[in-house]
1. On a 0 to 90 degree scale, rounded to 10, what angle separates helix 63-73 from the longest Cα axis of the chain?
2. Is there a quick way to get the dipole size of segment 24-75? I mean about its Cα centre, with the Cβ of Lys and Arg at +1 and of Asp and Glu at -1; what is the value in debye to the nearest 20?
3. Carbon and sulfur atoms: what percent of the 1.4 Å accessible area of the chain do they account for?
4. With each run of n ≥ 4 DSSP H residues scored as -39500 (n - 2.57), what mean residue ellipticity at 222 nm is computed for the chain after dividing by its residue count and rounding to the nearest 500 deg cm²/dmol?
5. Using a probe radius of 1.4 Å on heavy atoms only, what accessible surface per residue do you get for the chain? Whole Å² is fine.
Amino acid sequence: MPVLNRFPASRVVMYAGDHLLAHVHVQLRDGRECTVEIDSLAITGRIAAREIRDALTWIDSNRDLLHKEWLRLNP
């Protein structure tokens, strides 16, 4: 589970052997977690977009990197 980036209130991680569609997990400091699809930025979980705004901006700006990492971890 590589940590791809850290923010003051959250971190972005990706799991090996995970289910499709290509996505990352955003984990909050309080223990809550959601998934964010790399292409659509769709959030699955009970976390509001405003709570992970920094992570969403970073994911949006780094889609190419995230897709490469997805393919590496999920061949």
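The values are calculated or read from the model by the stated rules, or taken from the named source; none is laboratory data. This structure is a prediction, so every number in the text was calculated from the model and none was measured. Ideal geometry is used to build each Cβ from the backbone, glycine not excepted, and the neighbour counts take in all protein chains shown. These area figures cover heavy atoms from the full protein model, side chains too; ligands, DNA and RNA do not enter into them. Shrake-Rupley method; radii C 1.70, N 1.55, O 1.52, S 1.80 Å.
1. Taking the Cα atoms of the chain, the angle to 63-73 is about 60 degrees.
2. Values: 8 positive and 9 negative charges, 20 e Å.
In debye, rounded to 20, segment 24-75 gives about 100.
3. Numbers: 2380 of 4600 Å².
Here carbon and sulfur together make up 52 percent of the probe-accessible area.
4. Details: 2 runs with 20 residues, N = 75.
My calculation for the chain gives -8000 deg cm²/dmol from helical runs alone.
5. On the way: 4600 Å² over 75 residues.
Ligands and nucleic acids excluded, the figure is 61 Å² per residue.
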